[in-house]
Amino acid sequence: MKTNVRFAVSVTIASVLLVVGMFCLAADDDLRTWTSADGRHTTRGAFLGFKDGRVQLRRADGVEVAVPSSSLSAEDREYVRTELQRRRQETAGATEKKPTAGTAPATAAGSWPRWRGPNLDAHCAETGLMQKWPDAGPRLVWQVEGLGTGYASVSVAGGKIFMMGRKSGTEHLIALNAADGSPRWSTPLGPGRNQRGSNCTPTVDGDLVYAISIEGDLICARTDNGETVWRKNFAQDFGGKMMSSWGFSESPLVDGNLLVCTPGGPQAAMAALDKKTGRPVWTTAMPYGGSHGGDGAGYSSIVISQGAGVKQYVQLVGRGVIGVAADTGHLLWRYDRIANGTANIPTPIVSGDFVFCSTGYNTGAALLKLTRNGRGVQAVEQYFLDANRLQNHHGGMVLLDGYIYCGHRHNEGFPICVELNTGKIRWGGDQRGAGSGSAAVLYADGHLYFRYQNGVMALIEATPQRYNLKSSFKLASVRAESWPHPVIADGKLLVRDQEVLMCYDVRK
């Protein structure tokens, strides 16, 4: 592992602008003493922000400087982490609607338009949520049934909930009223022969919604009535295939005018389509074969990176993690040590020039740094954690202020906190937690929401200092493995259990 590692902090694009822009003016009383990592040098300065691995300061003489975080003391780095978290929470709080006299504080109405939320990071920006639940759990607002089988999560936008379900052997894209779960429309995609049903979380973009069936049927439909706009099929149109037998599970990515997806074919490992027409814009050739994993698409979803100054789409496929140029579809790099031959599932995490990835089935986890290599990009391994130290099965991972939180061990979900830069385990990994089986993870308002396979929901404080379980309760419905990822929108916790969708009020 390289010794000169940067202090990475996960923030959204909006947060970066606020930290670097809104907070670029600092009062004199914001001055503090900063100390070098070796303790030999100090300076007085006000903290302005954090960008590209550097801490931005205004010295007492008014000169602004950018200091590599690795050159600062551990106390200073902890101050930066805490201050950024405070500012992000303050900014989120400022977006809340001001309450009128005699009413409870209102939470800003939020949307969750796609897999892992607006920023693809499993961060819910809402505040004013319960910091501890009643013994019996939050209030169950409503519960609806008859939605079809599957492990897909939900998306929320424009007063509607979008999800997928298999009914009578056919997969459907479904819309419900967010207020009460009542049905709006249901559009069939095609046969759903594989397993229990859908794994794709629909992606909402304006008045259109996109979804992929377990058999590789890609649909674009209107959000108001479910009318089909265009369709594709991964196998027929792109020669696509999955790495193993559980069917296509990706949630498609909308980026600008493009709909980007992963058919998994040798000439179309990834494909970008015109989101309005379905017309192919480019495809990514990735010949089959490799030393790890299996040919075809994995069970992950695409994220966007600007690593090494190049916009690219990062995805975990059957042969490992890949980076694809966003403008041409050219394969920039691939890293296969993380690949297993059964199922590569968790969505990678991107942070600046870094990519963090993990898979189960006794594989492990790795941190990669993206650097320029001539006109191209290469992925350089910073460290690799074997399966005994960290392996995430399929519950996903959350990066918060430089720390990874997730469930560890294959099909176990032991809560764990890992420092991104170093791979150091800060806490956990050896304790069962409130539930059993794999855990799907969401972050909101200072806490981690762990949904365990056995139907237990846990509230864990999101801090690297210690494991602190705040509350837990058993979900009202547990008909199969409790795998679908939880979602919070407008103060409501939405949890899918096969044909059932539950809505809990988690506002203070």
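Here are some notes:
- Any chance GLU145 is acidic (Asp, Glu), open to solvent by 50 Å² or more (accessible area, probe 1.4 Å) and in contact (Cβ under 8 Å) with a residue 12 or more places away in the chain: yes
- Pair list, Cβ under 6 Å, 6 or more apart: segment 425-440 residue polar (S, T, N, Q), other residue open to solvent by less than 10 Å² (accessible area, probe 1.4 Å) and assigned to a loop (DSSP other than H, G, I, E, B): SER438/GLY395; SER438/GLY413
- Filter result for the condition that a residue is within 21 Å of the chain's Cα centre (by Cα), open to solvent by 10 Å² or more (accessible area, probe 1.4 Å) and not aliphatic (A, V, I, L, M), over GLY433, GLY429, GLY491: GLY429
- Where a residue in segment 198-225 is closer than 21 Å to TYR151 by Cβ and its partner, wherever it lies, is open to solvent by 30 Å² or more (accessible area, probe 1.4 Å) and not in a strand (DSSP E or B), with Cβ under 6 Å and at least six apart: ASN199/TYR151; THR201/TRP115; THR203/ARG114; ILE214/ASN194; GLY216/ALA235
- Conditions (1) touching a Cys at 6+ places or on another chain (Cβ under 8 Å); (2) in a strand (DSSP E or B): number failed by VAL156: (1)
- Any pair with Cβ under 6 angstrom, 6 or more apart, that starts in segment 124-139 at a residue that is open to solvent by 10 Å² or more (accessible area, probe 1.4 Å) and ends at one that is at pLDDT below 95 and not in a loop (DSSP other than H, G, I, E, B): ALA125/ALA92; THR127/ALA92; THR127/GLY93
- Among the residues of segment 462-508, those identified as under 18 Å from LYS160 (Cα atoms) and among the hydrophobic types (A, V, I, L, M, F, W, C) are VAL487, ILE488, ALA489, LEU493, LEU494, VAL495, VAL500, LEU501, MET502, CYS503.
- Every pair of residues 6+ apart whose Cβ atoms lie under 6 Å, when the first sits in segment 357-383 and is open to solvent by less than 30 Å² (accessible area, probe 1.4 Å) while the second is of a type in the set (Val, Ile, Thr): CYS357/VAL321; CYS357/ILE338; THR359/ILE338; ALA366/ILE338; LEU368/VAL355; LEU370/VAL377; VAL377/VAL310
- Pairs are defined by a Cβ separation below 7 Å, a sequence spacing of at least 6 or placement on different chains, a first member in segment 329-345 that is touching a residue at least 40 places away in the same chain (Cβ under 8 Å) and assigned to a strand (DSSP E or B), and a second member that is among the hydroxyl-bearing types (Ser, Thr, Tyr) and crowded, with 22+ Cβ neighbours inside 10 Å; the pairs so defined are LEU331/THR284.
- Test result for ARG496, farther than 30 Å from ALA366 by Cα, under 22 Å from the mean Cα position of the chain (by Cα), charged (D, E, K, R) and in a strand (DSSP E or B): yes
- The single condition among (1) under 21 Å from the mean Cα position of the chain (by Cα); (2) crowded, with 21+ Cβ neighbours inside 10 Å that LEU218 does not satisfy is (1).
- Among residues that are among the aliphatic types (A, V, I, L, M), surrounded by 19 or more Cβ atoms within 10 Å (Cβ to Cβ), over 20 Å from SER249 (Cβ atoms) and in contact with a His (Cβ under 7 Å, 6 or more places away or on another chain), LEU390 is included.
- The strands (runs of 3 or more DSSP E) found wholly in segment 179-229 and carrying at least 3 residues that are in contact with a strand residue (DSSP E or B) (Cβ under 8 Å, 6 or more places away or on another chain) and closer than 23 Å to MET502 by Cβ occupy 183-191.
The values are calculated or read from the model by the stated rules, or taken from the named source; none is laboratory data. Not measured: the values here are computed from a predicted model. Glycine also receives a Cβ, built like all others from the backbone with ideal geometry; neighbour counts cover every protein chain displayed. The area values use the complete protein model at the heavy-atom level, side chains included, leaving out ligands, DNA and RNA. Shrake-Rupley method; radii C 1.70, N 1.55, O 1.52, S 1.80 Å.
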